[in-house]
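Contents: one structure, followed by commentary.
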Amino acid sequence: MKEFGPVHAGGPAGDFNVISLNKTKGWVVSGHGYGMYTYVNPSELETNSPDDLTIGVFGRSKRNNDGQNPNIIYVNSSKNN
């Protein structure tokens, strides 16, 4: 999160892609960090029919906040300790 979370204008951290979900309501927003996705619930947005730009910018702002103020609640690892 420290490396790929914060958004820096004009660089790859500002890029995003919006993926519509089929099994639940909402979207995931990907960024430049492999495997990092931000979930956006429709209730978080002020419009009932948001476009990809609106969803992506909102998701990117959530990722930026997480990158600046990380709070890890779970790590999934297949490594045996």
Q | Neighbourhood charge, 14 Å Cβ-Cβ cut-off, centred on S43 and excluding it, Lys, Arg +1 and Asp, Glu -1 | A | 0
**Q.** FRET E, pair Y74, S49, Förster distance 25 Å, beta-carbon r, rounded to 0.05
**A.** 0.15
Q. How many nm separate the modelled label positions at Y39 and S20, each set 7 Å beyond the Cα in the direction of the Cβ?
A. 2.0 nm
Q: Quickly rank 62-73, 27-38, 42-53 as a protection proxy: mean count of other C-beta atoms within 10 Å, highest first.
A: 27-38, 62-73, 42-53
Q.
At 0.36 nm per residue, and after removing the present C-alpha to C-alpha distance, how many nm does the segment from V28 to S61 gain when stretched out fully?
A. 10.6 nm
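Where a number appears in this text, it was derived from the coordinates with a stated rule and is not lab data. As the structure is a computational prediction, the values presented were derived from the model and not from experiment. FYI the Cβ positions are ideal-geometry reconstructions off the backbone, even for glycines, and counts take in every protein chain you see.
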